[in-house]
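J.: One structure, as structure tokens, below. Some questions next.
The values are calculated or read from the model by the stated rules, or taken from the named source; none is laboratory data. Model, not experiment: these values are computed from the prediction. Methodologically, a virtual Cβ is constructed for each residue, glycine included, from the backbone with ideal geometry; neighbour enumeration extends over all protein chains shown. Note: accessible area is taken over every heavy atom of the protein model, side chains too, but ligands, DNA and RNA are not part of it. Shrake-Rupley method; radii C 1.70, N 1.55, O 1.52, S 1.80 Å.
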Amino acid sequence: MAAAPQAPGRGSVRKTRPLVVKTSLNNPYTICWSPLESEDMHFILQTLEDRLKAIGLQKIEDRKKKNKTPFLKKESREKCSNAVDISEDLKEKTDAKQQVSGWTPAHIRKQLAIGVNEVTRALERSELLLVLVCKSVKPAIITSHLIQLSLSRTVPACQVPQLSERIAPVIGLKCVLALGFKKNTTDFVDEVRAIIPRVPSLSVPWLQDRTEDSGESLETEPLESQDKELLDTSFEDLSKPKRKLADGQQASVTLQPLKIKKLIPNPNKKRKPPKSKKATPK
């Protein structure tokens with residue numbers, strides 16, 4: 001005989017939590033690096049490799065583990081004195097090694113931005129003249145943000161195959177995913193001037209490519225002189241909500257029309273009614 005079904009008691013029924021649904025919009029545009037010709041690729045890699053070898057820029061790291069100082073025992077004064085002498089010798093050796101380790105010409109290292117994070121920070125501060133990215137980056141999203149960032153800062157940038165394989169061993173690193181040349185460079189001026197005409201233009205739908213105009217004039221002014229116009233403008237002009245463009249001046253950004261196919265409301269979104277305030281007893 002099957003047991004008769006019992007009515008569920010209070011508290012036995014568990015309420016299932018509603019699924020959290022977040023609405024998001026997908027990017028309708030596919031942004032990618034412009035292809036680089038093989039001749040330009042070999043020219044860029046050869047010029048950079050020759051210049052870095054001539055300068056001698058290299059990072060030296062001490063892979064040997066530091067020798068541990070011997071354990072001192074307070075048994076006799078002679079052992080203590082011997083141990084102190086050994087520890088002083090070890091300190092002198094480690095100090096000598098620390099001076100050797102690091103980037104050999106420090107002033108040349110300051111003219112470059114090596115790595116994705118350092119190149120991104122330098123682009124945000126508009127400190128670069130040229131950006132080169134390795135094509136063997138996996139996943140590609142690691143360097144995809146540099147396309148819009150470099151184009152918005154009017155900095156020529158391109159993706160170079162075999163950049164890490166050719167440049168990393170010369171510098172003394174394992175890999176070089178991104179390489180940027182700063183505006184204060186003095187040792188790479190000729191190389192930057194020779195590479196910029198071979199860099200293909202980037203295409204972003206909502207940004208115009210103005211890197212060609214900026215590439216012609218490499219003698220850039222410091223950041224203080226570039227902001228003179230903003231300093232000269234009065235506070236009244238900056239406080240105006242709208243400023244009309246001059247005659248014959250066109251907007252630098254062209255917006256593309258956005259096409260919405262269908263709007264779907266969130267079915268799991270429940271609006272709770274406002275709670276009525278209970279009358280407080282007097």
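J.: Can you compute the FRET efficiency between SER38 and LYS269 using 1/(1 + (r/R0)^6), with r the Cβ-Cβ distance and R0 = 51 Å? Round to the nearest 0.05.
T.: My answer for the efficiency is 0.40.
J.: Say R0 is 41 Å: what FRET efficiency, to the nearest 0.05, do ARG193 and ARG14 get from their beta-carbon distance?
T.: Step by step, r from the Cβ atoms, then E = 0.05.
J.: Now for a different question. Could you sort 148-154, 22-28, 187-193 so that the peptide with the highest average Cβ count within 10 Å comes first and the rest follow in order?
T.: Ranking, from highest mean packing down: 148-154, 187-193, 22-28.
J.: Still on this structure: Under unit Cβ charges (Lys, Arg +1; Asp, Glu -1), what dipole magnitude, rounded to 20 debye, does the range 97-156 have relative to its Cα centre?
T.: 160 debye
J.: Tell me the carbon and sulfur percent of the accessible area for the range 147-214, rounded to whole percent, probe radius 1.4 Å.
T.: 47 percent
J.: On a 24 Å Cα-Cα criterion, which of the cross-link pairs LYS138/LYS261; LYS22/LYS275; LYS59/LYS110; LYS22/LYS138; LYS22/LYS259 come out too long?
T.: LYS138/LYS261; LYS22/LYS275; LYS22/LYS138
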